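Note sheet for the following structure.
Taken together, the values in this text are just the output of simple stated rules run on the coordinates, not laboratory data. Just so it is clear, the model here is predicted, and its values are computed rather than measured. Every residue, glycine among them, receives a Cβ derived from its backbone with ideal geometry; neighbour counts consider all protein chains shown.
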Amino acid sequence: MSEKAFKKYFETENLKLAYYRIVCWPERLVKDRFGIHAFGAHLDKNLKQLSEKLISGDYFPQRAFKYYEPKSSGTQRTKTLLMIEDALVYQAIANVIASRSYDLLAENDDFVYGSVLTPDTKNGPEILNQENPRYFFFKFWRSLFVRFKNSVIKAIEQDKATHKFETDITGFFDSIPHYNLLLTLSTHFNVEDEILDLLSVCLNAWSGTKESSTPGVGIPQGPQPSYLLANLLLYPLDKQLISEAFKYYRYMDDIKIYGYSESELRNVLVLIDNYLKGNGLSINSKKTEITAIDEAKEDETIKELRRFEVIGNEYTSDEAIISVLSEGGLENNIIKTLLGLSDQSPEEHDENDAKKQIENITDPDKIIAFWEREISDVEKELPSLFKIDSLELTDPENTDDIDFIRLSAKYGTALRSLSEYKQVNASVELLPYWLFALKKFYWRASNYVLTLQYYKGNKMLKAELINIHLADRNYECYRYHIVTCLTYNFEYSDKELRMFFKYLKSENSELVRYALYCMLIKHSDDQQLQSTLRVELSKELNSYLKLITLDYWKRDTHHVNTMNELVKQMGL
Amino acid sequence: MKFTELRNTMQSFSGASTPDYQLAYITSEVKDLLNGLNNQFIEYLTKDITNTELPFNLQQWLGSPYYQSSNENAKDCLEYCPTVKHIWGRKIKSWTDSALKSYDNFLLKYVQIDKGESVHKTYSGLKETDVYNHLIAKGGVEQEIGQNFKSIYQIRSVFQHIQAEEKDGIRVPKRISNSQCNKWRDVIIQCFKLSLIALCNLILEDESKSS
C-alpha cells in the first residue's frame, strides 16, 4: 500500500476539516450526534489516532445505522447514519476530491443545480487557517433551487422552447454500481487506486438496507459526500449534453431538457438512456415524457416548481448546527470555532422568506401587525381548503402536501416571530386541519410537527398523536416524529408511561424504540420503571442504540445513574 | 473478488466493539462533576442532602483536620452517586458508610470544640455511638440529632453484618431486596437532612450568641 496517498487524504488537518464539515451537515437525523460529541470531546487526540489507524491500514468501516423514510408513493427511502469515524473517512476523501474537481464542476454551474460545492471546498484544509472559515460543503439548497426554477421558467417563457423532456433516474443512490463510480473517479478525477480500494470496501460496508447488504451497488443516502459522488458519476453525461448545446438543467437526478422539436429531444432521451444503462442505471419510465409546451396556459412544470421551494426544514443550517452543539460535550474551543463562523453567505438565504419583507422595519408595532396579518391569512386560507364544517377537501385533485407545507411554514414562522413580542396562542380551530395534513401526507411529518409544537399541552392533540402512533405500523420515520412530538410537548401520568413502555416492548423499529426510550427517560421519575428500562435497554442487540440512549439518559442529571455502572450493565 | 471472499468481507463489517473514546465520553459525568466542584465535595453533598444553601462557611467552621476528613469521604459519596436522587438499591450501603464518616466529623467538632464537652467512652476507644449517646443524653434538639444519627448507624450495621434467617433449622443469609434498600435510603436521607439542618441552626445560634 502506498502511504503517500493515505497521508494526503488522512492527515489530521483534513480529518479536522472533515469533522467541522460533518457538524455542518444540514440533515439532523443522519448525523451521528453522539459520535460527534464523543469524538469532539478530545478532538485533536482522536483525530491523530484515527489518522494513524488509517495510514497504517488498521481502519475498517462498520455497518451503518439505517432507517426508512416514507415517500409520497408509499415506498420508502433508506437513510444511512454513518458512525462518526466512518463519516470522517468519507468526508475526508470527499474533501480532497472536491478540492481537485471544483474547477471542473464549476464549469457546469449553469446546468447542474443540486449539491453544488461552495468555493471554499477548493482550498481544502487551508481554510482552517482563515480568519473566518466557512465549513459548508455545498451551497445552500434553497438558493440553488431558486436558480434552477428561474432557469426553467426562462427556457419556457422567455426562450419559448416548444418541447420539453423530463425524466429522473430510478432509485438513483441505491442503484449506483461501485465499479462504475470508482472508474469515473479514477478516469476523470485522478483519484488514487489505493483510495478507491478503501472506498470500495467502505461502500460495501455502508450499502443496502437495514436488513441486508447489497455489495457492489448503492451509496448511502444522507451523508453529504454521497451527493458529490453522485454528481461526479453524472459528470461525463453533463459534459456531453452541455457540449451539444442543449437547454439542459439537472437537480441531482431530476433532469429537464427543453428544445424546439420532439425529434431533437428524442435524440437526447436515447443518449441519456444509453449513458445510464452503460452505468448500470435506468431512467424512470413512469416519469419520463417528451411533451409539447402549450403556450396558452401556464406550464405544469413551472407551476410545480413555483410551489416547491417551500419544502425543506424551516430552520436555517446555522440553527441546525447550534442545536447539535448545544447538546453539550464538545470542547469550548470547538464550539467557538464553529459558532458564527459557518454562516452561509447572506445572499444565499431564502429570498422568499417572510422575514426578508420586514427586515427594514424597526417599529415593533408594525412588526407585530405584519406577523398578525400572516397568522390571520393562514387562519382564513387553511379552512378554505375544506368544505364548510367538514374535513373533506374542496378540491382534492389540486390540493396536495405542498399547499399544507406552505401554510404550515408560514404559520409556524409567524407564531415563532410574534412570540418574541407578545404572548401568542395557536388557533385551536386549525388543529383538525393540521392533523388532517399530518395523517394524509405522512411523508411530510417532520414539517407538520414543527407547527404542532405550538399546541403544547393540548389534550386533543395528545390523544390524536397517540392514536396515530398506534394506528400506523408501516412507516418508522413517521412514528419517530410522532413520538418525538409527544415527548417534548406533553406531560404523562405513571399509567400512561407504563403504556408507552408496552409499546416499546412491541416496537420493531430501532429508530422508534430510541424515541420511546427518550420519552420514558424524560418523563419517568419512578425508580422502578427506570430500572425496568435499564434492563430492557441492556437486552438491545444494537450497541449504537444503547449508546445514544445512554447519552440521552446522561443529559438529565435528575435521572442519570452512575454512568460507569450503566455502561457495564449494558454490556458495552 | 471471489464470492466466498466477498461474503467473508461483508460479514466482517458488523460486530465492532465500542471505541474507548465513546465509553470514556459516556462515563465522563461523575468525573466532570468532581472536577467542577473545585474540591468542595462536602459543601456540595451537604447542600444536596439538605436541599438548602449553607448558612455559613463550612471549611472555616470545621477547620483542620475535620474538614479534610469530611471532604474526602464526601468525594467517595459523590463517586457512588452524583446526587442523592441517584441512590438506588444496594448503592445506599457504601454511600451511607462514607456519608456517616463525613458527618461524624461535624458532631465531633460541634461537641468537643464548639461546646468544649468531653464524650464518655464506653470502651477503650471512642466509638461513633458514644457521640450519638452523648447528644441524646443532652435532650432537646441535640437529642434529636443524636437519635437520627443513631438510627442511620443502626441501618448501616444491617448492611455490614450478614442478616440471617432460619430455614429447616439452618441459618442462611437473608437477601436484602432493592425495594428494602430504597426504603432504608429514604429513612437515611431524611435523618441526615433533619439532623444537618438542626445542627446548622445550632451552630448559627452559638455564633450569634458569641458575637
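Numbers for the structure displayed
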{"read-out": "Computed over segment A:365-454, Cα set: Rg, Dmax in Å", "value": "13.1, 40"}
{"read-out": "Listed residues B:L33, B:N57, B:N73: farthest to the positive end of the dipole of segment B:29-116 (Cβ charges)", "value": "B:N73"}
{"read-out": "Along each principal axis, Cα extent of segment A:377-516, largest first, Å", "value": "44, 39, 24"}
{"read-out": "Listed residues B:T18, B:T27, B:T96, most fluctuating in chain B (Gaussian network, C-alpha, under 10 Å)", "value": "B:T18"}
{"read-out": "Virtual spin-label span in nm between A:M460 and A:S390, 7 Å along Cα→Cβ", "value": "1.9 nm"}
{"read-out": "Average beta-carbon neighbours from other chains, 10 Å sphere, peptide A:59-69", "value": "2"}
{"read-out": "Alpha carbon convex hull of chain B, volume per residue in cubic angstrom", "value": "212 Å³"}
{"read-out": "Most positive-pole-ward Cα, A:W371, B:Q160, A:Q221, against dipole of the protein assembly as shown from beta carbon charges", "value": "B:Q160"}
{"read-out": "Charged-residue dipole, Cβ positions (Lys, Arg, Asp, Glu), segment B:47-90 about Cα centre, Debye nearest 20", "value": "120 debye"}
{"read-out": "Chain A: translational diffusion in µm²/s, Stokes-Einstein, Kirkwood Rh over Cα pairs, 37 °C, 0.692 mPa s", "value": "127 µm²/s"}
{"read-out": "More than 20 angstrom apart: percent of Cα pairs within segment B:1-87", "value": "54 percent"}
{"read-out": "Cα centroid of segment A:222-279 to Cα centroid of segment A:139-205, whole Å", "value": "8 Å"}
{"read-out": "Sites A:R373 and B:K2, calculated FRET efficiency, Cβ-Cβ separation with R0 56 Å, nearest 0.05", "value": "0.20"}
{"read-out": "Cβ charges +1 (Lys, Arg) and -1 (Asp, Glu), total dipole of segment A:130-256, debye", "value": "780 debye"}
{"read-out": "Amide H partners (placed H, <5 Å) of A:F138, local residues excluded", "value": "A:T118"}
{"read-out": "Spin-label pair B:A16/A:D103, simplified geometry with 7 Å Cα→Cβ offset, distance in nm", "value": "3.6 nm"}
{"read-out": "Extension reserve of the A:K286-A:Y260 stretch, reckoned as 0.36 nm per residue once the Cα distance is removed", "value": "7.1 nm"}
{"read-out": "Of A:K71/A:K247; A:K366/A:K422; A:K495/A:K546; A:K79/A:K522; A:K422/A:K459; A:K66/A:K122, pairs whose Cα-Cα distance is over 21 Å", "value": "A:K71/A:K247; A:K495/A:K546; A:K79/A:K522; A:K422/A:K459; A:K66/A:K122"}
{"read-out": "Set of aspartates and glutamates near A:K4 by C-alpha distance (under 15 Å), chain-local residues within fewer than 8 positions excluded", "value": "A:E52, A:E192, A:D193, A:E194, A:D197"}
{"read-out": "Net length gained if the chain between A:N425 and A:S186 were fully extended (0.36 nm per residue, minus Cα distance)", "value": "80.3 nm"}
{"read-out": "For segment A:106-121, 3J(HN,Hα) per residue [Karplus equation, 6.51 cos²θ - 1.76 cosθ + 1.60, θ = phi - 60°, Hz, x = Gly/Pro]", "value": "4, 4, 9, 4, 8, 10, 10, 10, x, 6, 8, 5, 6, x, 4, 5"}
{"read-out": "Kirkwood Rh, Cα atoms: Rg over Rh of segment B:16-139", "value": "1.08"}
{"read-out": "For A:169-181, mean number of other protein chain Cβ atoms within 10 Å", "value": "0"}
{"read-out": "Directionally averaged projected area (convex hull, Cα atoms, segment B:87-211), nm²", "value": "9.4 nm²"}
{"read-out": "Relative contact order [Cα under 8 Å, 6+ residues apart], chain A, whole percent", "value": "15 percent"}
{"read-out": "Of B:F159, B:F192, B:F13, the one that fluctuates the most in a GNM where chain B has Cα springs shorter than 10 Å", "value": "B:F13"}
{"read-out": "Cα-based Rg of segment A:76-191 normalised by 2.2 N^0.38 Å, two decimals", "value": "1.29"}
{"read-out": "Choice from B:K75, B:K115, B:K167 with maximal GNM fluctuation in chain B (Cα, 10 Å cutoff)", "value": "B:K167"}
{"read-out": "For the protein assembly as shown, calculated [θ]222 nm from helices alone, where every DSSP H run of n ≥ 4 adds -39500 (n - 2.57)", "value": "-18000 deg cm²/dmol"}
{"read-out": "Summed side-chain charge close to A:C202 - residues other than A:C202 whose Cβ falls under 12 Å, Lys, Arg +1, Asp, Glu -1", "value": "-2"}
{"read-out": "Cα-projected label distance for A:N398 with A:K53, points at 7 Å along beta-carbon direction, nm", "value": "5.8 nm"}
{"read-out": "Test item: A:38-46 mean partner chain Cβ contacts at 10 Å", "value": "3"}
